[in-house]
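Notes follow once the structure below has been shown.
The values are calculated or read from the model by the stated rules, or taken from the named source; none is laboratory data. All figures in this text were calculated on a predicted structure; none of them were measured in a lab. Glycine gets a Cβ as well: all are built from the backbone with ideal geometry, and neighbour counts include every protein chain shown. To get the accessible areas, we keep the full protein, side chains included, count just its heavy atoms, and leave off ligands, DNA and RNA. Shrake-Rupley method; radii C 1.70, N 1.55, O 1.52, S 1.80 Å.
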Amino acid sequence: MAPCLSFFFLFLCSFSAIPANSLPTFFPGAAYQSLIKQAKISKPKLPFKTHYFPQTLDHFTFQPKSSKLFYQKYLINSDYWRKGAPIFVYTGNEGNIEWFAANTGFMLDIAPKFKALLVFIEHRFYGKSMPFGKDSYQSAKTLGYLNSQQALADFAVLITSLKQNLSSEASPVVVFGGSYGGMLAAWFRLKYPHIAIGALASSAPILQFDKLIPWSSFYDAVSQDFKDVSLNCYQVIKGSWAELEAMSTQKQALAELSKTFRTCKSLHSTASARDWLWTAFVYTAMVNYPTKADFMKPLPAYPVQKMCKIIDKIPSRATKLSRAFAAASLYYNYSRSENCFEIEHEVDGHGLHGWDWQTCTEMVMPMTCSKESMFPPSGFDYEEFAEQCRMKYGVSPRPHWITTEFGGERIQKVLKRFGSNIIFSNGMQDPWSRGGSSPC
């Protein structure tokens, strides 16, 4: 099953007692919060060989600096390949490429049947593919080369060169991707149809821009996943935020929250407790797979059902907040190896921090929480969001650029009318399904 990436976006649902600048940051499928243990886990042995490609820094200008080269990482599996057979390419998203290769078994499953060559290409500015080495995140002058158009051009150049080096120019190419990687796969097929004959875009919210779909769609879908399992579960989670807000006004709020949430160290902000809960419920809905998985965290099959079962079993006399905590603990401690939780000391174990830049430039995906959501109702304040980006990076977002570059409200009609050979594999319970397109 393809990963529901990345991730990863700014989910701008405000919480009245907590300042807006401490809002939780999420990615289209990737987990940033509480990655302490993820960072310590040894990397799995993968059936791929690692290569590096000398990639051009800037594909779209002819300034002296444009021709600077950096080494882009990619992985290859040729166990089943024969010359002339298809080449299946994963268009890497916001994280190190091994993470995606380890969690995209579908491509390995179908490779023998098609005798396909498998290629996983790392996205620029993630993993080891750093154009400016340790200084890649130094300022907007370096980060300015991090965007989806440059990434798509990277894929095009690398794939073309690879086919030439393999003397297999006739091999058809199909691109694959999940979440942001799925968006890239779909856009690659649209922008480079002479290179890729088709694309499989999983959990790809290509309609989550401008006003193509209701801004509350994502959180409504997450909430519906829990509501479908248990109305009581949904109501408990929905009511837990008010209890948390009320607790935050108490004199010993942080000490009490630290005790309730079994933190390893005393909390410095009630927002940390909110973000911890929020992350657990959102990501559990995103990876509500019918089998055990450990893409985000080690989780059982149908983890949303398991969370709601925990809530429903606890007597109603217990507070909603304590029941929400018990359910969220499944996400962070299904293996039962944690005696306490590191809530305020997360580590970016997968190298995801570049996504914050992308959301502050072109990946502006407005999200709100409706009254039907199990999260506190909120709106989207673009000016506030833009000001935060200017303060952090010195740049202003371009909220309409993606729909200008890749297509806006007519994109679905165009895809259906002319055909695109793009499969959008969005599950019915996938929170990103409402931001995806229909198969065409």
* To do: Say whether the condition of being within 26 Å of Met286 (Cβ to Cβ), hydrophobic (A, V, I, L, M, F, W, C), touching a residue at least 60 places away in the same chain (Cβ under 8 Å) and open to solvent by 20 Å² or more (accessible area, probe 1.4 Å) is met by at least one residue in the range 157-164.
  => no
* Asked: Of all the helices (runs of 4 or more DSSP H) wholly in the range 294-389, which have at least 2 residues that are without any contact (Cβ under 8 Å) to a residue 24 or more places away in the chain?
  -> 303-313, 320-333
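Can you work out which of the residues in the range 76-94 that are over 18 Å from Phe188 (Cβ atoms) and out of contact with any Pro (no Cβ under 6 Å at 6 or more places or on another chain) is least open to solvent (accessible area, probe 1.4 Å)? Even if it seems obvious, please write down each step before you answer.
Kept after step one, since they are over 18 Å from Phe188 (Cβ atoms), are these residues of the range 76-94: 76-85.
Filter once more, keeping what is out of contact with any Pro (no Cβ under 6 Å at 6 or more places or on another chain): 76, 78-79, 81-85.
Values: Ile76: 26, Ser78: 65, Asp79: 112, Trp81: 54, Arg82: 132, Lys83: 128, Gly84: 38, Ala85: 3 Å².
Looking at the filtered set, the residue picked out is Ala85.
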* Asked: Residues in the range 166-186 that are in contact with a helix residue (DSSP H, G or I) (Cβ under 7 Å, 6 or more places away or on another chain) and open to solvent by 10 Å² or more (accessible area, probe 1.4 Å): how many?
  -> 2
* From the set of residues in the range 216-259 that are open to solvent by 10 Å² or more (accessible area, probe 1.4 Å) and touching a strand residue (DSSP E or B) at 6+ places or on another chain (Cβ under 9 Å), which is modelled with the lowest pLDDT? -> Ser248
* Within the range 100-149, track down each residue that is part of a loop (DSSP other than H, G, I, E, B) and within 23 Å of Ser78 (Cα to Cα). => Asn103, Thr104, Lys115, Ala116, Glu122, His123, Gly127, Lys128, Ser129
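Of the residues Lys128, Lys83, which single one is at pLDDT below 95 and either within 30 Å of Arg390 (Cβ to Cβ) or not acidic (Asp, Glu) (or both)? Please lay out each step first, then the result.
Numbers: Lys128 fails: at pLDDT below 95.
Just a single option satisfies the conditions, and that option is Lys83.
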* **Members of the range 272-302 found to be in contact with a helix residue (DSSP H, G or I) (Cβ under 6 Å, 6 or more places away or on another chain), of a type in the set (Gly, Ala, Ser) and within 30 Å of Phe100 (Cβ to Cβ), listed by number** => Ala280, Ala285
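Can you find a residue that is surrounded by 13 or more Cβ atoms within 10 Å (Cβ to Cβ), at pLDDT 95 or above and in contact with a Gly (Cβ under 8 Å, 6 or more places away or on another chain) anywhere in the range 33-44?
To start, the set of residues in the range 33-44 that are surrounded by 13 or more Cβ atoms within 10 Å (Cβ to Cβ) comprises 33-38.
With the extra rule that they be at pLDDT 95 or above, the set shrinks to none.
The answer is no; no qualifying residue exists.
Of all residues being more than 30 Å from the chain's Cα centre (by Cα) and not in a loop (DSSP other than H, G, I, E, B) in the range 57-67, which is farthest from Ala151 (Cα to Cα)? Just the residue, please.
At the first step, the residues of the range 57-67 found to be more than 30 Å from the chain's Cα centre (by Cα) are 62-65, 67.
Narrowing the set further to residues that are not in a loop (DSSP other than H, G, I, E, B) leaves 64-65, 67.
Working: Pro64: 20, Lys65: 17, Ser67: 15 Å.
Ranking the candidates gives Pro64 first.
Counting just the residues of the range 260-272 that are of a type in the set (S, T, N, Q) and open to solvent by less than 60 Å² (accessible area, probe 1.4 Å), which one comes out farthest from Ala328 (Cα to Cα)?
Taking the range 260-272 first, the residues of a type in the set (S, T, N, Q) are 260, 263, 266, 269-270, 272.
Next cut, open to solvent by less than 60 Å² (accessible area, probe 1.4 Å) only: 260, 263, 269-270, 272.
On the way: Thr260: 12, Thr263: 13, Ser269: 18, Thr270: 16, Ser272: 14 Å.
For the range 260-272, the residue satisfying everything is Ser269.
Every residue, every condition in (1) within 20 Å of the chain's Cα centre (by Cα); (2) at pLDDT below 95; (3) surrounded by fewer than 20 Cβ atoms within 10 Å (Cβ to Cβ), yes or no:
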position: Gly349; (1), (2), (3): yes, yes, yes
position: Gln358; (1), (2), (3): yes, no, no
position: Thr361; (1), (2), (3): yes, no, no
position: Glu372; (1), (2), (3): no, yes, yes
position: Met391; (1), (2), (3): no, no, yes
position: Glu409; (1), (2), (3): no, yes, yes
position: Lys416; (1), (2), (3): no, yes, yes
position: Asn426; (1), (2), (3): yes, yes, no
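Within the range 83-99, can you find the residues that are assigned to a loop (DSSP other than H, G, I, E, B) and either among the charged types (D, E, K, R) or under 10 Å from Glu122 (Cβ atoms) (or both)? Step through it out loud before you land on a result.
Keep residues of the range 83-99 that are assigned to a loop (DSSP other than H, G, I, E, B), which gives 83-86, 92-96.
Correct list: Lys83, Gly92, Asn93, Glu94, Gly95, Asn96.
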* Quick one: which residue in Tyr192, Tyr283, Tyr234 is outside the structural domain of Met367 (by the TED database) and aromatic (Phe, Trp, Tyr)? => Tyr192
* To do: Taking Met365 as meeting all but one of (1) touching a Gly at 6+ places or on another chain (Cβ under 9 Å); (2) closer than 20 Å to Val229 by Cβ, write down the number of the exception.
  => (2)
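May I ask you to say which residue of Phe70, Phe114, Phe48, Phe106 is touching a strand residue (DSSP E or B) at 6+ places or on another chain (Cβ under 9 Å), farther than 15 Å from Gln150 by Cα and surrounded by 19 or more Cβ atoms within 10 Å (Cβ to Cβ)? Walk me through it before giving the result.
Working: Phe70 fails: farther than 15 Å from Gln150 by Cα; Phe114 fails: surrounded by 19 or more Cβ atoms within 10 Å (Cβ to Cβ); Phe106 fails: surrounded by 19 or more Cβ atoms within 10 Å (Cβ to Cβ).
After ruling out the rest, the residue left standing is Phe48.
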